[in-house]
Amino acid sequence: MQSLIGLTQVRESLALDPALLSLMQHWMCIFAAEEKPIRMQVLSRRQLVSVMDSQDEMDPAFEAWPSDVYALLLNYLDQETRQSVCLDTAAGKLHIFPLKQSVAHKNAILLIQHAQLTAEAIALVEHCLQVFNHYAGLIIENERDALTGLLNRKTFDKCVSKILLNDYKPEFRFPLHHYLVIFDIDFFKKINDSYGHLIGDEVLLLLSRLMQETFRDGDLLFRFGGEEFVGVFSCADKDDIVMLLERFQQALAEYRFPQVGRVTISIGYSKMSPHLLPNTVLERADEALYYAKEHGRDQVCCYESLVEQGLLNYSIISGEIELF
């Protein structure tokens, strides 16, 4: 019961997966004990693909599975409907359980390597996961914006703090570069004035869906209020952020909103660093966004690039004082 109490003490979705593993480790040792330690892991499809693509660049803390296991897992994740299964692998019997996701993971599974789980032990795991999924749903709902379903401002502060403390690693390719991006719909007030707030809300909802479809599973997307959105992206290469944002711009350019037609967006972004306060990174991305707005809109501007070109000055925020 203590491990279950520990799970229900979690108040943020990014901490749910470790709490689940702790709970399952405790219960498996009691109800499905075996001589050697039981190996288990939560693994998302995105992490799986990343590991398969970069075997030599994995996080040292990540214990790799045999290569033949990854192909089996990918085939399992590609199925439209998934139920718990047991696979025979070179490393032994591997039990797979589908898992509803937290903020950090989509299309994820719980892996338990065990010589043989009894029907009673499998039922125990599935009941435990039902409890976990119900509780995770409550936590995730509290972290989401009611209209768009994206993460809310309150969750943003927690996520950014974890990234700046190097405590959030959605991929296993290293080193990671983290970027904070601000998206702002161009002339959104004109949309509300011309078509009404219901159509304006529809634009916000459809735009948020397009963002979720275009960006990757592990990318963190927030609605800050009004027509402003924020994204936090982890990239293995500094050029990846440019590719991601250009791909989104292209998708938006081809999309037509009902009644409104084409909608454009201005984007400003800045690189995150452990020695910078969250407010500093946010302010820098906002300065890049403001530059994009003032110089034609419908474009992407990078704060660091603008500084290198002499178009902006470096700013550091300390408390309520901005230093240049």
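State which residue is surrounded by the most Cβ atoms within 10 Å (Cβ to Cβ) when the search covers only segment 68-102 and only residues that are hydrophobic (A, V, I, L, M, F, W, C) and within 17 Å of ASN133 (Cβ to Cβ). Step by step, filter segment 68-102, then rank; the result is LEU99. Residues of segment 243-284 that are of a type in the set (Gly, Ala, Ser) and within 19 Å of the chain's Cα centre (by Cα): SER270, SER273. For segment 258-279, filtering for residues that are touching a strand residue (DSSP E or B) at 6+ places or on another chain (Cβ under 7 Å) and of a type in the set (D, E, K, R) leaves 1.
Among the residues of segment 249-257, is there at least one that is under 30 Å from TYR195 (Cβ atoms), touching a strand residue (DSSP E or B) at 6+ places or on another chain (Cβ under 6 Å) and not aliphatic (A, V, I, L, M)? No: zero hits.
Scanning segment 235-279 for residues that are out of contact with any helix residue (DSSP H, G or I) (no Cβ under 8 Å at 6 or more places or on another chain) and surrounded by 21 or more Cβ atoms within 10 Å (Cβ to Cβ) gives ILE241, LEU245.
Of the residues making up segment 224-234, those that are crowded, with 21+ Cβ neighbours inside 10 Å and either among the hydrophobic types (A, V, I, L, M, F, W, C) or out of contact with any helix residue (DSSP H, G or I) (no Cβ under 7 Å at 6 or more places or on another chain) (or both) are PHE229, VAL230, GLY231, VAL232, PHE233, SER234.
Condition check ((1) at pLDDT below 75; (2) not in a strand (DSSP E or B)) across all residues:
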{"site": "SER3", "(1), (2)": "yes, yes"}
{"site": "VAL10", "(1), (2)": "yes, yes"}
{"site": "ALA33", "(1), (2)": "yes, yes"}
{"site": "LYS36", "(1), (2)": "yes, yes"}
{"site": "MET52", "(1), (2)": "yes, yes"}
{"site": "PRO60", "(1), (2)": "yes, yes"}
{"site": "GLN79", "(1), (2)": "no, yes"}
{"site": "ARG82", "(1), (2)": "no, yes"}
{"site": "CYS86", "(1), (2)": "no, no"}
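Take segment 246-297 and flag every residue that is closer than 30 Å to LYS158 by Cα and part of a loop (DSSP other than H, G, I, E, B). Even if it seems obvious, please write down each step before you answer.
Kept after step one, since they are closer than 30 Å to LYS158 by Cα, are these residues of segment 246-297: 246-249, 251-252, 264-293.
Answer for segment 246-297, where residues must be closer than 30 Å to LYS158 by Cα and part of a loop (DSSP other than H, G, I, E, B): THR264, MET272, SER273, PRO274, HIS275, LEU276, LEU277.
Taking GLU213, is it of a type in the set (D, E, K, R), modelled with pLDDT under 95 and within 14 Å of ASP145 (Cα to Cα)? Step through it out loud before you land on a result.
Working: of a type in the set (D, E, K, R): yes; modelled with pLDDT under 95: yes; within 14 Å of ASP145 (Cα to Cα): no.
Taking the combined requirement at face value, the residue does not satisfy it.
Going through (1) at pLDDT 80 or above; (2) under 17 Å from GLN41 (Cα atoms) one by one, TYR168 falls short only on (1). Go through the residues of segment 226-238 one by one and say whether even a single one is part of a helix (DSSP H, G or I) and free of Cβ contacts under 8 Å to residues at least 12 places away in the same chain. No, every residue in segment 226-238 fails to be part of a helix (DSSP H, G or I) and free of Cβ contacts under 8 Å to residues at least 12 places away in the same chain.
The values are calculated or read from the model by the stated rules, or taken from the named source; none is laboratory data. As the structure is a computational prediction, the values presented were derived from the model and not from experiment. Virtual Cβ from ideal backbone geometry, glycine too; neighbours counted across all protein chains shown.
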